[in-house]
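Visitor: Pasting a structure here, questions to come.
The values are calculated or read from the model by the stated rules, or taken from the named source; none is laboratory data. All of these numbers come straight from a predicted model, not from anything done at the bench. FYI the Cβ positions are ideal-geometry reconstructions off the backbone, even for glycines, and counts take in every protein chain you see.
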Amino acid sequence: MCENIFKKAMEVITEKRQHINDSDEQQSVNAAIRAIKIAYNGHNINTITAGQLDFSQLSYRRARVWGRFFNSSLEVELWLALVKQKKSVNVCSLGGGPGTDLIALQLFLKMKNMSNVKISGAIFDKYIEWDDIFRPLVSKFRVGNANVVFDVDYEKFDVFNVSDDSVVIGRIQQADVVTIVKFVSAVGYNRNKIQIAMEKLLKFVKPGALVFFLDNSDGDLAELMKRAAAVDANLSLLADLSRKKMRVPAGERKSMVSNGYLYGPQKNAMVSACMWMKC
């Protein structure tokens with residue numbers, strides 16, 4: 001129906017780049033950043049100054065996006081610096097199955113030149129027989145990664161039957177990272193029931209800890225998790241990403257490839273990911 005989606009997108013990007021490269025516009029953005037900092041200084045809001053902020057202007061909207069991006073990036077970098085100093089990270093994997101989310105975390109740390117960081121904690125799943133897969137997987141992963149250390153236990157877990165003194169609550173309270181990967185879709189046949197269950201678990205996350213969620217894009221599972229995180233958990237959303245299939249008109253593909261864009265990976269799984277930090 002629209003054969004020029006990519007062309008129009010490139011026109012918009014080119015137009016926005018002109019704003020970015022314009023020194024006068026950059027000065028306007030810097031002025032907007034300073035104004036926002038004054039209005040929202042510390043924990044107190046200067047209502048008079050805040051009322052003068054004009055977000056109808058592009059420079060103010062850009063300054064606001066910059067602020068959110070900078071703060072989120074800084075919080076993650078500070079968290080990584082703490083992990084590097086401790087040389088260990090405690091992980092609680094909810095519905096972790098074969099433990100592949102912990103392998104992915106180790107690969108991420110390796111990218112950050114932190115492969116010597118010890119991963120400890122627990123994987124909670126209804127079927128602890130997954131341990132028979134995880135141990136050989138770790139053994140194979142250690143080939144070429146001799147300094148990798150996993151100290152992880154498997155614990156039986158029913159998300160709909162958790163008492164306040166259960167093992168999973170204690171592990172969540174100790175964890176530096178809580179992972180929830182492809183779990184909600186596996187048990188969330190009753191959306192209201194799983195949201196209540198997640199609300200109960202998330203409120204026990206300790207201050208400064210991260211919560212990482214990844215699941216299928218279908219079914220609004222990310223929105224469900226956002227609602228759960230907003231109840232009593234006091235979690236601050238750092239990142240919200242969605243990867244979905246994009247229909248590319250045949251007439252657009254050649255133009256995309258010539259400009260360095262790949263449409264092949266769009267055939268892969270559609271997933272949503274979110275990350276929060278406990279305030």
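Visitor: Quick check, is V65 out of contact with any Lys or Arg (no Cβ under 7 Å at 6 or more places or on another chain), under 15 Å from M275 (Cβ atoms) and of a type in the set (V, I, T)? Let's see the steps before the verdict.
Guide: Values: out of contact with any Lys or Arg (no Cβ under 7 Å at 6 or more places or on another chain): yes; under 15 Å from M275 (Cβ atoms): no; of a type in the set (V, I, T): yes.
The answer is no for V65.
Visitor: Another question about this same structure. Just checking, does region 235-257 include any residue being modelled with pLDDT of 90 or more and either among the aromatic types (F, W, Y) or under 21 Å from V167 (Cβ atoms) (or both)?
Guide: Taking every residue of region 235-257 in turn, none turns out to be modelled with pLDDT of 90 or more and either among the aromatic types (F, W, Y) or under 21 Å from V167 (Cβ atoms) (or both).
Visitor: Another one. Can you tell me which residues in region 60-100 are over 23 Å from D215 (Cβ atoms), in a helix (DSSP H, G or I) and hydroxyl-bearing (S, T, Y)?
Guide: Y60, S73, listed by residue number.
Visitor: Oh, and also: From the list D232, D220, D215, which one is at pLDDT 80 or above, touching a Ser or Thr at 6+ places or on another chain (Cβ under 8 Å) and not hydrophobic (A, V, I, L, M, F, W, C)?
Guide: It is D215.
Visitor: Ok, one more. Output the qualifying pairs, or none if there are none: Cβ atoms under 9 angstrom, residues six or more apart or on different chains, first residue in region 260-279 and over 24 Å from V184 (Cβ atoms), second residue at pLDDT below 85 and among the acidic types (D, E).
Guide: What qualifies is Y263/E252.
Visitor: Filter region 183-196 down to the residues that are crowded, with 18+ Cβ neighbours inside 10 Å and not in a helix (DSSP H, G or I), then identify the one that is modelled with the highest pLDDT.
Guide: F183
Visitor: Could you list, in sequence order, all residues of region 68-93 that are over 11 Å from V177 (Cα atoms) and either surrounded by 18 or more Cβ atoms within 10 Å (Cβ to Cβ) or among the hydrophobic types (A, V, I, L, M, F, W, C) (or both)?
Guide: Here is the first cut: in region 68-93, the ones over 11 Å from V177 (Cα atoms) are 68-78, 80-82, 84-88.
Of everything in region 68-93, those that are over 11 Å from V177 (Cα atoms) and either surrounded by 18 or more Cβ atoms within 10 Å (Cβ to Cβ) or among the hydrophobic types (A, V, I, L, M, F, W, C) (or both) turn out to be F69, F70, L74, V76, L78, L80, A81, L82.
Visitor: Another question, if that's okay. Looking at (1) within 14 Å of A229 (Cα to Cα); (2) outside any loop (DSSP other than H, G, I, E, B); (3) not small (G, A, S), which is the only condition I172 fails?
Guide: Failing condition for I172: (1).
Visitor: Being outside any helix (DSSP H, G or I) and either of a type in the set (D, E) or within 27 Å of C279 (Cα to Cα) (or both) is the requirement here; does N116 meet it?
Guide: Taking the combined requirement at face value, the residue does not satisfy it.
Visitor: Out of all the residues in region 167-177, is one or more more than 21 Å from V205 (Cα to Cα), surrounded by 16 or more Cβ atoms within 10 Å (Cβ to Cβ) and either at pLDDT 90 or above or within 23 Å of the chain's Cα centre (by Cα) (or both)?
Guide: No, every residue in region 167-177 fails to be more than 21 Å from V205 (Cα to Cα), surrounded by 16 or more Cβ atoms within 10 Å (Cβ to Cβ) and either at pLDDT 90 or above or within 23 Å of the chain's Cα centre (by Cα) (or both).
Visitor: Just give me the residues in region 221-240 being among the aliphatic types (A, V, I, L, M), surrounded by fewer than 22 Cβ atoms within 10 Å (Cβ to Cβ) and not in a helix (DSSP H, G or I), in sequence order.
Guide: A233, L237, L238, A239
Visitor: Can you name the residue in region 148-166 that is without any contact (Cβ under 8 Å) to a residue 60 or more places away in the chain and aliphatic (A, V, I, L, M) and is also surrounded by the fewest Cβ atoms within 10 Å (Cβ to Cβ) among such residues?
Guide: Here the residue is V149.
Visitor: Checking the conditions here, which among D153, D218 is within 24 Å of A104 (Cβ to Cβ), part of a strand (DSSP E or B) and of a type in the set (D, E)? Please lay out each step first, then the result.
Guide: Details: D218 fails: part of a strand (DSSP E or B).
Going through D153, D218 in turn, the sole match is D153.
Visitor: Would you tally the residues in region 258-279 being more than 17 Å from I180 (Cβ to Cβ), at pLDDT below 75 and of a type outside the set (F, W, Y)?
Guide: 8
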